[in-house]
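Sharing a structure here in C-alpha cells format.
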Amino acid sequence: MIKIYIVDKSNLKLCNNDLVYYVIAENNSFKMREKALKIYNKILSSDLSKEVNIYNQIKESNLYTIFVESILLLNYKFEKYKSKKSSILKITYQNPELINKSMIEGVFIARDLVNEPLSFLTAKQLAKEIKKYSKKSFFKLETLNEKKIRDLEMGGVLSVNKGSVNPSNFNILTYKHSKSKSIKPIVLVGKGVMYDTGGLSLKPTANSMDMMKCDMAGAAAVVGAIYAIAKMKINVHLIGLIPAVENRPGGNAYVPGDVVKMMNGSTVEVLNTDAEGRMILADALHYAKRFDPKLVIDLATLTGSAARAVGKYGIAAMGNASNETIKLLEETGLNIDERIALQPFWEEYRLELESDIADLKNIGSAEAGHITAGKFLEHFTKEKEKPAYPWIHLDIAGVAFLQKPYFLSQKGGTGAGVRLLCEFIKNYK
Ligand code: BES
Ligand code: ZN
Ligand code: ZN
C-alpha cells in the first residue's frame with residue numbers, strides 16, 4: 001500500500017520515500033495537477049504496490065480536491081480489445097464528498113466513445129450507447145433516423161453521409177431539472193463524424209487519417225457532459241444535438257463542386273469534401289433555433305488549422321455570445337485547466353466564403369481556416385441575417401486526441417470539453 005498525504009507548508013521537513021509521499025499544497029491548481037502527474041507516473045512505473053491511499057491533511061480542501069481529481073483522471077486505460085489487461089492503480093481517498101465522481105465518469109464516457117473504432121462505433125451504435133448512458137443518468141434521448149432527416153431536409157447531414165452504406169442519424173438529448181424554472185434551454189451541439197476519411201477529397205493515410213475515429217469527440221463531450229450534469233442534478237434545462245455520419249468516398253459520395261441545399265434553405269458549394277463537419281453542424285445549428293435557446297455551444301474537431309494555431313494547449317473559441325458569457329467560460333477554463341483561446345472573428349473572414357454559384361462555399365483560403373470554418377457555422381446561427389441566439393463555437397481539434405500522454409490524459413481520447421461544460425453550466429445563470 002502506498003500512502004500520499006496532502007499537507008501544508010508547515011510540514012516542509014517531511015521526507016518522501018517509495019511508499020509514502022508528502023505533497024505540499026501550494027496555492028496553484030496547475031502545480032497541484034503537475035505534482036499528481038509526477039507521482040502517478042512514478043508509482044505506475046515502479047514494481048511496488050499498485051494500491052494507493054490519499055489522505056487530506058490541509059484545511060483549504062480545494063487543492064486536495066484538485067490533486068485527487070487529477071490522479072483519478074490519469075488512472076484510465078482503454079483496454080476493451082486487449083486480451084491481456086495491464087494494470088492501473090487502485091485508488092482510495094479520504095473525504096469522498098469533496099470529489100465530483102459524476103464529472104470524472106463523464107470524462108471517461110467521452111474518452112471511451114472517442115477511443116472506440118468505427119468497426120464498433122457507427123452512428124447506429126452511438127445512438128445505442130447514448131441510450132445506455134441515458135438510462136444510467138437522468139436524461140432522455142430521441143434519435144431521428146435517416147428518413148426523418150430526409151423529411152426535415154437536412155441537406156448537410158445527408159450529403160456528407162452519401163458515401164457511406166451505414167445510415168446517418170440525429171440525436172436529441174434532453175435534461176431538465178424538475179425545479180428548473182427557466183424555459184429557455186442551453187443547447188450543446190456536438191460534431192458526430194464517426195470517421196473522417198476526407199471523402200473524395202481523401203486524406204493521406206499516414207499521419208492524417210489514422211486518428212480520424214476521433215472526429216466525433218465533440219459528440220462524445222456533449223454526451224459525457226450531459227450525463228454528468230444530469231447525474232449531479234444541476235438545476236438547468238439542457239438539450240444536446242448530435243448529428244452522426246461517416247465521411248467516405250463511396251459510390252454515391254458527394255463530390256467537390258456539388259451544390260447542397262441546407263436545412264435553412266441556403267445553398268452551399270462544396271469545394272472540399274473534407275470540410276464536412278461544418279456541413280452537418282450547420283443543420284444542427286439551424287435546428288437549434290426551434291428551442292429558443294438562451295445559449296448555444298458547439299464542440300467540434302473541426303479544423304487542423306485550430307490544432308496548428310493553439311496546439312494541444314487549449315481550445316480555439318469564437319462566436320457572438322456576450323463578453324460576460326465569454327469571460328465566464330475563459331475563467332472556468334483557467335480554473336479547471338481546460339483553457340480556451342479566443343480568436344478574432346472579423347467580417348473579412350466571412351467574405352472568403354463567397355461563392356460564384358451558391359450562397360456560400362464550404363472552404364475559405366489557406367489562412368485562418370478555423371476562423372473561416374467558424375464564420376461558415378455563424379451563417380446558420382442567424383435568422384434573417386440577425387443572430388437567432390447567443391453562440392460559442394469551440395474547435396477542439398488540438399485537444400481531443402493525443403498521440404502521446406500529456407498532462408491529465410493518457411494517449412488517445414482525452415474527454416476534452418466535459419469538465420469545461422460541467423463547471424461552466426454549473427455557474428452560468
Ligand atoms: N476532422 C477534420 C479536422 C481535424 C484535424 C480533426 C486534425 C482532428 C485533428 C476536419 O473535418 C477537416 O478535415 N478539416 C479540414 C478542412 C479543410 C479541408 C478546409 C482541415 O482542417 O484540413
Ligand atoms: Zn474532414
Ligand atoms: Zn472532420
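Relative to the longest principal Cα axis of the chain, at what angle does helix 29-45 sit, 0 to 90 degrees, rounded to 10?
Result, in degrees: 70.
So, one more: According to the square roots a ≥ b ≥ c of the eigenvalues of the Cα gyration tensor, what is the shape class of region 101-427, taking rounded for a/c under 1.5, prolate for a/b larger than b/c otherwise, and oblate for the remainder?
Since a/c stays below 1.5, the shape of region 101-427 is classed as rounded.
If Phe407, Phe380, Phe30 are ordered by their accessible area, calculated over protein heavy atoms with a 1.4 Å probe, which sequence runs from highest to lowest?
Result of the area sort, largest leading: Phe30, Phe407, Phe380.
Can I ask one more? What does the net charge come to around Lys59 if you take all other residues with beta carbon closer than 15 Å to its beta carbon, with K and R at +1 and D and E at -1?
-2
Still on this structure, please answer the following. Separation of region 292-365 and region 1-36 by C-alpha centroid, Å?
38 Å
Can you tell me the orientation of helix 277-287 relative to the chain, as the angle in degrees between its alpha-carbon axis and the longest Cα principal axis, to the nearest 10?
It is inclined by approximately 80 degrees.
May I ask you to give the percent of accessible area on the chain that is carbon plus sulfur, with a probe radius of 1.4 Å?
Ligands and nucleic acids excluded, carbon and sulfur give 51 percent.
Would you mind counting up the charge near Arg419? Only other residues with Cβ under 11 Å from its Cβ, with Lys and Arg at +1 and Asp and Glu at -1.
-3
Next up: Which angle between 0 and 90 degrees, to the nearest 10, do you get for helix 101-115 versus the longest principal axis of the chain when only C-alpha atoms count?
50 degrees
Between region 121-179 and region 191-259, what is the separation of their alpha carbon centroids in Å?
12 Å
Report P(r) for region 121-165: all Cα-Cα distances, bin width 5 Å, range 0 to the bin holding the largest distance, values in whole percent.
5, 19, 23, 21, 17, 10, 5, 0
To continue, here is another question. Would you please name the chymotrypsin sites (Phe, Trp or Tyr not before Pro) within region 257-358 that are DSSP coil residues with at most 12 other C-beta atoms within 10 Å of their C-beta?
Answer in residue order: Trp346.
Lys179 label point, 7 Å along Cα→Cβ, cut-off 17 Å on backbone N: hits in region 225-239?
Label zone hits: 230-238.
Show that you can apply the helix-only estimate: for the chain, add -39,500 (n - 2.57) for every DSSP H stretch of four or more residues, divide by all residues, and state [θ] at 222 nm to the nearest 500.
Helix-only estimate at 222 nm: -10500 deg cm²/dmol.
Can you say what percent of the DSSP beta bridges in the chain, counting only those with both residues inside, are antiparallel? Round to 5.
Around 40 percent of the beta bridges assigned by DSSP in the chain are antiparallel ones.
Oh, and also: Just by accessible area at a 1.4 angstrom probe, what is the order of Ser266, Ser61, Ser178 from largest to smallest?
Highest to lowest solvent-accessible surface, that is Ser178, Ser61, Ser266.
Which of the listed residues, Ile315, Ala221, Gly257, is farthest toward the dipole's positive end in region 101-427, when Lys, Arg count +1 and Asp, Glu count -1 at the beta-carbon?
Result: Ala221, furthest along the dipole toward the positive end.
Identify the GluC sites (Glu not before Pro) of region 364-429 meeting these criteria: DSSP loop state and at most 10 other C-beta atoms within 10 Å of the C-beta.
Glu367, Glu385
Then there's this: Put Lys135, Lys59, Lys124 in order of accessible area, largest first, 1.4 Å probe: what do you get?
The ordering from most to least exposed comes out as Lys59, Lys135, Lys124.
Per residue, how much accessible area does region 11-69 show when a 1.4 Å probe rolls over the protein heavy atoms, in square angstrom?
That works out to 57 Å² for each residue.
Just the accessible area for Phe78, please: 1.4 Å probe, Å², rounded to the nearest 10?
The accessible area comes out at roughly 60 Å².
Given points 7 Å out from each Cα along the Cα-Cβ axis, report the Lys386 to Lys132 separation in nanometres with one decimal.
4.6 nm
Within the set of other residues whose C-beta is less than 15 Å from the C-beta of Ala316, count the net charge using Lys and Arg as +1 and Asp and Glu as -1.
With Lys, Arg at +1 and Asp, Glu at -1, the neighbours total 0.
So, one more: In region 1-138, with Lys and Arg counted as +1 and Asp and Glu as -1 at Cβ, which of these residues, Leu19, Ser137, Leu48, has the Cα nearest the positive end of the dipole, that is, farthest along it?
Ser137
Gap in Å between the Cα centre of region 370-395 and the Cα centre of region 48-85?
Centre-to-centre distance over Cα atoms comes out at 39 Å.
The values are calculated or read from the model by the stated rules, or taken from the named source; none is laboratory data. Remember, predicted model here, so these are calculated numbers, not experimental data. Using ideal geometry, Cβ is built from the backbone for each residue, glycine included, and neighbour counts are taken over all protein chains shown. For accessibility, only protein heavy atoms count, side chains too; no ligands or nucleic acids. Shrake-Rupley method; radii C 1.70, N 1.55, O 1.52, S 1.80 Å.
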